[in-house]
Each structure stands twice: as structure tokens, then as C-alpha cells.
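Report on one structure; see the data block that follows.
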Amino acid sequence: MDISDILTRRKFIGIITSFSVLSSLFPSNYLLSVWALENKNPLRSQKLLKGKFRFFSPYQATVIEEVTSLIIPSDNSPGAREAGIVFAIDNSISENKRLQTLYQKGIEWLDLKARELAGRDSYLDLNQDERIEILNIASPNKSSLYKEANIPRVDRNTTVGNLFFNNLVRQTLNIFYTSDLGWKVVGYHGPPQWAGNLNYNKCNFK
């Protein structure tokens, strides 16, 4: 990977970290295509992530890890993959039905875009540039591929893709930069620690 690749990835991170927080209400009237609803994530050529997940399936966990690794990549320092962000997200949404629905539909949306824009059945079947193109669709900065594609107008507004990706960016950054690994990456040694009570027996009280 040359320096231009790193700069491109860092520019992408800069774009997504500038997102404003979207509404937390999931649009109940948003309907995915029949294809996205009927295809229940068949196995892909990519090795699926293993681990004990409270909500995610191995396929869903693998998709989330791949997306978060683009949000905080592993280049000259550890990123989301090394920090185990996908496990933390899985744990955080394990009892939140709204976020479970948002993540489930968001992953279906990624697969749907992979089919519409690249003719692939899964987001995992895409190369890195194609994955970033689809994530750009979910951002306020529309990609050139998005403009050229014949996308229904409802998909150009604040829909499941926007809500899902914005929430994922926010959670990824919050989890990473409040973790010990995130602190090490930015050179933060943590808040001052309590040194204990003063040694009052050395004080000269009268």
C-alpha cells in the first residue's frame, strides 16, 4: 500500500467523522426490495468471523467488522479490528430492539447496494473501493457511482442506509476512543488517578 492509499483512507475517515447525528427513530415505512428480504445471507467465499455473539450472526458480525475497519483502519497503528469493536457493538445492542432492527436492516441494505451497483450478492464480495463507494452513498457526500446509478429517490434521503451508517460511525468512534487501545493510539495516558488520603498524622494541628 502506498502513501496515496493511506491518504485516501484518512480522507474517508475525515468525511465520516464530520457526520451530524441523525434522528434515532427508525423509519418504519422504509421497505427493502423483495430480494433483500428473501435472501438470508448465504455463505460467502470470505471466511466468516468466529466468536460468541449475543445478537449478530457470523455473517452479520463479519460485515460489521469489515465496515468498522474502514472507519478506523489498521495501518500504522491498531484500528477497529484489533480493538474488537464488533464484539463491543454486539454486546451494546443485545437488549436494544430498535438498534437490532437498524443493524439488521442496515446489513441487508449493504447487500442490496452490492447487487444494484456491482452485481454481487453480498457486501463481502466487493473490493475495498467498491465497499467505500457504497458507504459514501450512506453519507451526505454522494459518490460519482451513486450519481450515475438509477437509484429511487426514496433512497437518496434520510433512509435506513444513512441511519445505519451514521449510528455505526458514532458507536465505532465512541467505543474505540474510550478504550485502552484507543487511548494508546492517541497518546492519552488516562485521567489522573486518586493518590489516596493525606497523611494527617504529619500535620501540625493545634
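Of note:
- Take the Cβ atoms of Ser179 and Gln128, set R0 to 35 Å, and the FRET efficiency comes out at 0.90.
- Ordered by the count of other Cβ atoms within 10 Å of each Cβ, fewest first, Asp129, Asp121 give Asp129, Asp121.
- Least to most buried among Thr62, Thr68 (fewest other Cβ within 10 Å first): Thr62, Thr68
- Neighbours of Val185, meaning other residues whose beta-carbon lies under 12 angstrom from its beta-carbon, give a summed charge of -2 when Lys and Arg score +1 and Asp and Glu score -1.
- Proxy reagent accessibility, fewest Cβ within 10 Å first, across Asp111, Asp75: Asp75, Asp111
- Cα centroid separation - the range 91-122 against the range 172-187, whole Å: 25
No value in this document is a laboratory result; all are computed from the given coordinates. Since this is a predicted model, take the numbers as computed values, not measurements. All Cβ positions, glycine included, derive from the backbone under ideal geometry; neighbour counts span all protein chains shown.
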